[in-house]
Amino acid sequence: MKSKWVIMGMTLVVVVALLAIACAAPAPPSPPPTPTPSPPKPKPEEQPITWGAEACWTGIAAEKCNPMERGEECCIEYINKEKGGILGHPIKVKALDSGYDSARMVTLIKRWIDEGQPLFCTHSSKMMEAAMGIANRVGMPGIVNFASVRCIHPPKHIYTHGPDYGDQTLGFLRWFKENIWKEARPPRVAMHGLNNPTGYGPKLALELMADEIGVEFVAWEEHRADTVSEMESLTRIKAKNPDILWIPSTPAPTSVIIKNAHALGMWPGIVIGGHYAAMTKTTIDLTGADLAEGIYGAMPIVDWYDPAAAKVREYCKKYWPAYWENADFLAHWKHCLVVAECFRVALENVGWEALFTGPKEERWKAMEYEGIRKVKGYDPEGLCGPIDYATNPRDHRGSKYIKIVQAKGGVFKAVSDWIECPFIDYAKLAPELFK
Amino acid sequence: MLPCGVHNYTYAKDMAILRTKTHWALFLLLLALAGTLPLYCSGTWLAVAILIGITTIAAVGLNILTGYCGQLSIGHAGFIAVGAYTSAVLTATYNFPFLLGLLCAGLMAGFIGFIFGFPSLRVKGFYLAIATIAAQFIILWVIGHWDKVTGGQLGLTVPFASIAGFQIRDDFHMYYLVMFVAALAIFFSMNLARTRVGRAFVAIRDNDLAAEVMGINLWFYKLLAFFIGCFWAGVAGSLGAHWMGSVSPEGYSFMESILYVGLIIIGGLGTTIGPIFGAIFIRLLDQLTGIYLSPALTAAFPNLPSGFTTGIGPMLFGIIIILFLVLEPRGLAHRWTLFKFSYRLWPFSY
């Protein structure tokens, strides 16, 4: 019984197959091929510009990084709406949260390598230090906003767009010696730095370049970010009788040190100054306008109320009024302009396809050597000194200029024009540290 | 509890880790999956897998110290840093071979752990935890100020790991190295628990006075626990340093130490499989909340500030940890054990 159904089924299959073969008509002769039109070239609007963007939305650095990322978002909108994108290509970037965590940052850089992003950007030196080992190994270029010494020394594939804290320190000291210092002997410089690269970068810079600049490095003390008193350490500094007290730190501990220096009778008297991270409006507010009167700062970027920052103020007022007068908002706006310029140069030289299609290694080389390294004399709308990566391939700083500012009437006012900071070739001066 | 019908007639069978054919089949399947993961996994998830492997090695060490021996340590990141810097300095500055650097990293971290384990002879519980916190800060202070050797606050660049002339330049090969070391660590931990030393650790954890009365040398076994636990932390630090290509003191913060304690609690204290579950859970949760959930919430609720939706990720992370502590304090390992019991009894309920 069972075999009967099997035989019938097989027979049916064979019959159907034979019928199908029999009914298959011979194929008609194929017509000559007609020339097909080549696909239309995609419009620039259909070829967006992207890059791997890191943000610290959460974590201990969120308070500093959130306004930075808002500044970048506003700048991207400004470029897309008012400038028509980068040579017509819209920017479509969404920053991923690193949480200020090195382990998560490593997974982010791996993600961007996987995606073949032509470039990646970070806010802070810590996040760049977590990613740069991997990025340098594969040859992926990166741009960091606030760079520590190790990010760009020895120079590999990481760039920044302003002098680092060590450069700012030397730039100020050279300006001070040439314009303010009247005595024959070299000025004695003491430093009270934060216990991380923000403080140790300037320390190393001064140790290496003090003789060349013509100053005497007499004392170094360090402090924690949450310090509430530095009377003891300042007493040790006072014993060395310095002429200048340089505070490479952040606003809160800087204000503590200024107050303690005042309590010890050191200030007013000696010169007190700090780099960009230390000397902000917040420092003046925390210290008090009267006590902060006369302290110096080294600024790689213009003041919030500078005419060049009009667009920044416009977008900040419109979208993020809570970040009014926030220097970090301004700093990352400038960062976005610099990154956009690198892409513009790369697009002009090699085109969109070379940056976003093809092997990843070729994309990175195109971005770095036909984009970043060919940026020369770029003025980011007056927000900082001219950006130049082309003249000296070992100098990955972009802009090498700072303005010296001084606290007057509760605000920092510029007392100099753009002055150039010396280039410190750490890899040659301290090869044991920078391999 | 053995499956129904399975009996042990010899001591070897009783002590065997893989006792039935099902065990062997599942083990081989796991080996096959883990061994072929780099072939079908994207670079991002391969990096996450490597991170899970390195975390597992460190967590195994902490589990031996805290889970088996009951010595609470909240300075584990400091010992990881010791291993990382030892390996970095030996390979980068003194051109040691990588494997020798790896071994030295473990030994140095173990030795430092041995030194900081001395307070455990006098204090325990909360007070010992404070002593280990001090270890974390002391270690990082030394690393940050010993400029000539460690590069100080500026950190060091670390060369590629290299074995017998073969440089491990990509994640494909790094994955196998990390997984091999992780397997060694897990196998070591599993067997340690079954030896005289492991039983001494457990006795000290349960009641150190009774253990001493029974004749267990507290001094010896506590310091041994610190040495072994920190040895594996050093090994994990070395692998992490060579994978990332650079080290700096900021990468070994106090929050990392807290994370490791939370990790072994979620995984299951005092179990072999607990560190594995904890490492997988924590690292995957971190990825899911930070990389997928937060951007998805931002896209779903565009009118809300993205900082708000991004903050939901860490909030969820904290809530999950609290729920675990309240509802399943014995961790994921206990859940796994319950699952295995119910599977073996199925379809019966008891």
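The values are calculated or read from the model by the stated rules, or taken from the named source; none is laboratory data. Treat the numbers as computed from the prediction; the structure is a model and nothing was measured. Don't worry about glycine lacking a Cβ; one is built from the backbone with ideal geometry, like all the others, and counts go over all protein chains shown. All accessible areas refer to the heavy atoms of the entire protein, side chains included, with ligands and DNA or RNA removed. Shrake-Rupley method; radii C 1.70, N 1.55, O 1.52, S 1.80 Å.
Each row is one residue, and each column tells you yes or no for (1) open to solvent by less than 70 Å² (accessible area, probe 1.4 Å); (2) closer than 29 Å to B:Trp45 by Cα.
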position	(1), (2)
B:Gly125	yes, no
B:Leu128	yes, no
B:Ile163	yes, yes
B:Val178	yes, yes
B:Phe188	no, yes
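Is it the case that some residue within region B:197-211 is basic (Lys, Arg), more than 14 Å from chain A (Cβ to nearest Cβ) and part of a helix (DSSP H, G or I)?
Let us first name the residues in region B:197-211 that are basic (Lys, Arg), namely B:199, B:205.
When the remaining residues are screened for being more than 14 Å from chain A (Cβ to nearest Cβ), the result is B:199, B:205.
Filter again for part of a helix (DSSP H, G or I), leaving B:199, B:205.
Yes, region B:197-211 contains at least one residue that is basic (Lys, Arg), more than 14 Å from chain A (Cβ to nearest Cβ) and part of a helix (DSSP H, G or I).
Answer yes or no: is there a residue in region B:288-310 that is surrounded by 21 or more Cβ atoms within 10 Å (Cβ to Cβ), under 30 Å from A:Lys156 (Cβ atoms) and at pLDDT below 90.
First pass over region B:288-310, keeping only residues surrounded by 21 or more Cβ atoms within 10 Å (Cβ to Cβ): B:289-290, B:294, B:306, B:310.
Those left that are additionally under 30 Å from A:Lys156 (Cβ atoms): B:290.
Filter once more, so that each one left must be at pLDDT below 90: B:290.
Yes, region B:288-310 contains a residue that is surrounded by 21 or more Cβ atoms within 10 Å (Cβ to Cβ), under 30 Å from A:Lys156 (Cβ atoms) and at pLDDT below 90.
Which condition does A:Gly358 not pass, out of (1) assigned to a helix (DSSP H, G or I); (2) more than 25 Å from A:Met68 (Cα to Cα), if it passes all the others?
(1)
Within region B:23-55, can you find the residues that are within 20 Å of the chain's Cα centre (by Cα), at the interface with chain A (Cβ under 10 Å from one of its Cβ atoms) and either touching a residue at least 12 places away in the same chain (Cβ under 8 Å) or open to solvent by less than 40 Å² (accessible area, probe 1.4 Å) (or both)?
Answer for region B:23-55, where residues must be within 20 Å of the chain's Cα centre (by Cα), at the interface with chain A (Cβ under 10 Å from one of its Cβ atoms) and either touching a residue at least 12 places away in the same chain (Cβ under 8 Å) or open to solvent by less than 40 Å² (accessible area, probe 1.4 Å) (or both): B:Leu46, B:Ala47, B:Val48, B:Ile50, B:Leu51, B:Ile54, B:Thr55.
Taking A:Ile404 as meeting all but one of (1) of a type in the set (Val, Ile, Thr); (2) in a helix (DSSP H, G or I); (3) touching a Ser or Thr at 6+ places or on another chain (Cβ under 6 Å), write down the number of the exception.
(2)
Return a yes/no flag: does region A:37-44 have any residue that is closer than 30 Å to A:Val312 by Cα, open to solvent by less than 60 Å² (accessible area, probe 1.4 Å) and at pLDDT 90 or above. Walk me through how you get there before you give the answer.
Our first condition is that a residue be closer than 30 Å to A:Val312 by Cα; within region A:37-44, this holds for A:43-44.
Subsequent filtering for residues that are open to solvent by less than 60 Å² (accessible area, probe 1.4 Å) retains A:44.
From the residues that got through so far, the ones that are at pLDDT 90 or above too are none.
No, there is no match, as no residue in region A:37-44 is closer than 30 Å to A:Val312 by Cα, open to solvent by less than 60 Å² (accessible area, probe 1.4 Å) and at pLDDT 90 or above.
Can you confirm whether B:Ala200 is closer than 30 Å to B:Leu51 by Cα and buried (at least 17 other Cβ atoms within 10 Å of the Cβ)?
Here the answer is no, as B:Ala200 does not meet what is asked.
Results for (1) out of contact with any Gly (no Cβ under 8 Å at 6 or more places or on another chain); (2) more than 20 Å from A:Ile387 (Cα to Cα); (3) without any contact (Cβ under 8 Å) to a residue 60 or more places away in the chain, shown as yes or no for each residue.
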position	(1), (2), (3)
A:Met279	no, yes, no
A:Thr282	yes, yes, yes
A:Pro300	no, no, no
A:Pro307	no, no, no
A:Glu348	yes, no, no
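Can you name every residue in region B:165-174 that is surrounded by 13 or more Cβ atoms within 10 Å (Cβ to Cβ) and either more than 10 Å from chain A (Cβ to nearest Cβ) or assigned to a loop (DSSP other than H, G, I, E, B) (or both)?
B:Ile168, B:Arg169, B:Asp170, B:Phe172, B:His173, B:Met174
When you look at B:Thr150, is it surrounded by fewer than 23 Cβ atoms within 10 Å (Cβ to Cβ), more than 17 Å from the chain's Cα centre (by Cα) and either on the phi < 0 side of the Ramachandran plot or not aliphatic (A, V, I, L, M) (or both), yes or no? Don't jump to the end; show me each part of the working.
On the way: surrounded by fewer than 23 Cβ atoms within 10 Å (Cβ to Cβ): no; more than 17 Å from the chain's Cα centre (by Cα): yes; either on the phi < 0 side of the Ramachandran plot or not aliphatic (A, V, I, L, M) (or both): yes.
Answer is no for this residue.
Mind checking which residues of region B:262-271 are open to solvent by 30 Å² or more (accessible area, probe 1.4 Å) and assigned to a helix (DSSP H, G or I)? If you could, list the steps in order and put the result at the bottom.
In the first step, residues of region B:262-271 are kept if they are open to solvent by 30 Å² or more (accessible area, probe 1.4 Å); the result is B:265, B:269, B:271.
The answer is B:Ile265, and nothing else.
If only one of A:Asn349, A:Asn392 is open to solvent by 30 Å² or more (accessible area, probe 1.4 Å) and under 22 Å from the mean Cα position of the chain (by Cα), which one is it?
A:Asn392
Confirm whether B:Val89 is in contact with a Ser or Thr (Cβ under 9 Å, 6 or more places away or on another chain), without any contact (Cβ under 8 Å) to a residue 60 or more places away in the chain, farther than 26 Å from B:Leu209 by Cα and within 14 Å of chain A (Cβ to nearest Cβ).
The answer is no for B:Val89.
Checking the structure you have, find out if any residue of region B:89-99 is under 21 Å from B:Phe160 (Cα atoms), open to solvent by 50 Å² or more (accessible area, probe 1.4 Å) and touching a helix residue (DSSP H, G or I) at 6+ places or on another chain (Cβ under 6 Å). Lay out the reasoning, then the answer.
Of the residues in region B:89-99, the ones under 21 Å from B:Phe160 (Cα atoms) are B:89-99.
In the following step, the residues that additionally are open to solvent by 50 Å² or more (accessible area, probe 1.4 Å) were identified as B:93-97, B:99.
Retained after the next criterion (residues that are touching a helix residue (DSSP H, G or I) at 6+ places or on another chain (Cβ under 6 Å)): B:96.
Yes, region B:89-99 contains a residue that is under 21 Å from B:Phe160 (Cα atoms), open to solvent by 50 Å² or more (accessible area, probe 1.4 Å) and touching a helix residue (DSSP H, G or I) at 6+ places or on another chain (Cβ under 6 Å).
Out of all the residues in region A:96-137, which are facing chain B (nearest Cβ under 9 Å) and in a loop (DSSP other than H, G, I, E, B)?
Residues satisfying the conditions are A:Ser98, A:Gly99, A:Asp101.
For residues in region A:193-229 being surrounded by fewer than 22 Cβ atoms within 10 Å (Cβ to Cβ) and in a loop (DSSP other than H, G, I, E, B), which is farthest from the other protein chains (Cβ to nearest Cβ)?
Residue satisfying both the conditions and the ranking: A:Gly214.
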